[in-house]
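Worksheet: one structure, shown below.
What follows draws every value from the coordinates through simple rules; no lab data is involved. This is a predicted model, so every value here is computed, not measured. All Cβ positions, even for glycine, are placed from backbone atoms using ideal geometry, and neighbour counts span all protein chains on display.
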Amino acid sequence: MNFSDFLRQWLKNVIDFFGKLFSQIGLTPNTMTLIALVGNIIASILIATKNIQLGGIFVLVMGPLDAVDGAMARLQDKVTSFGAFLDSISDRYSELLILGGLLVHFIQLADWQACLLVYFAAVGSVLVSYIRARGEALGFSAKAGILTRVERYLVMAPSLIFNVPLIGLWIIAIFGNLTAIQRVWQVWMQSKSQAK
């Protein structure tokens, strides 16, 4: 069990509580997914306009909605392939929007080293998700790694709130790409076992 799965189990009761609450007021899982996406669009605009700490608060609030929409789908018996697809696409957009906000922020400061760091953080973030999706499409497990989406969120949100985005970016750039390599290795080892 990785840290993401452990955290979801540990917070299951809290997530289910909010899932029930939002269900009772008439929200659907897909609506919740889109609300989180809109919240992250607002966060990215705040970050791009030098309101990094307020943007970080939005990121912090929107993050848990990623888990709540799944709980709502189970509670409402609305678990669908399209819902899972929409959730995954929303996650990628949300993460890249936040990084895009930081990119605009550093472009305004003419801090080109920080811009390059944002690029490498984005590469790691996208590849971690892509490698898992591609590996699983080929029948392999590709969940290994030390910096999955949940961990990246737990790094990014505090680094924005405490106005130290470079620290968060360094962690994501290094360990995100290391996680991608770990997943490539995991798939490669499984493919070798199949070939025997």
- Computed Rg/Rh of the range 3-195, alpha carbon atoms with Kirkwood Rh: 0.99
- Would you count, across the range 3-195, every pair of lysines whose alpha carbons are under 23 angstrom apart, provided the pair is eight or more residues apart or spans two chains? 5
- Mean-position separation - Cα centroids, the range 136-168 and the range 62-104, in angstrom: 14
- Item | Loop-resident sites, the range 147-195, for chymotrypsin sites (Phe, Trp or Tyr not before Pro), counting at most 15 other Cβ within 10 Å (DSSP) | 162
- Going residue by residue through the range 183-193, the Karplus relation 6.51 cos²θ - 1.76 cosθ + 1.60 with θ = phi - 60° gives ³J(HN,Hα) values, rounded to whole Hz and with x marking Gly or Pro, of 6, 4, 4, 4, 5, 4, 5, 5, 5, 5, 5
- For the chain, what is the calculated [θ] at 222 nm in deg cm²/dmol (nearest 500), taking -39500 (n - 2.57) for each run of four or more DSSP H residues and dividing by its residue count? -28000 deg cm²/dmol
- Message: Quick query: amide H of residue 111 versus all other amide H atoms, modeled in the peptide plane; which residues come in under 5 Å with a sequence gap of 5 or more or a different chain?
- Response: none
- Which ³J(HN,Hα) values, rounded to whole Hz and listed in residue order, are derived for the range 132-138 from phi using the Karplus coefficients 6.51, -1.76 and 1.60 in 6.51 cos²θ - 1.76 cosθ + 1.60 with θ = phi - 60°, glycine and proline given as x? 4, 4, 5, x, 5, 5, 8
- Note on the structure: With a ≥ b ≥ c from the Cα gyration tensor eigenvalues, square-rooted, and the rule rounded for a/c under 1.5, otherwise prolate when a/b > b/c and oblate otherwise, the range 99-196 is prolate
- Net charge, residue 177 excluded, C-beta distance under 15 Å - Lys, Arg +1, Asp, Glu -1: +2
- Message: Just to check I understand the Karplus step: with θ = phi - 60° and J = 6.51 cos²θ - 1.76 cosθ + 1.60, what whole-Hz values come out for the range 74-83, glycine and proline as x?
- Response: 5, 5, 8, 6, 10, 6, 10, 5, 5, x
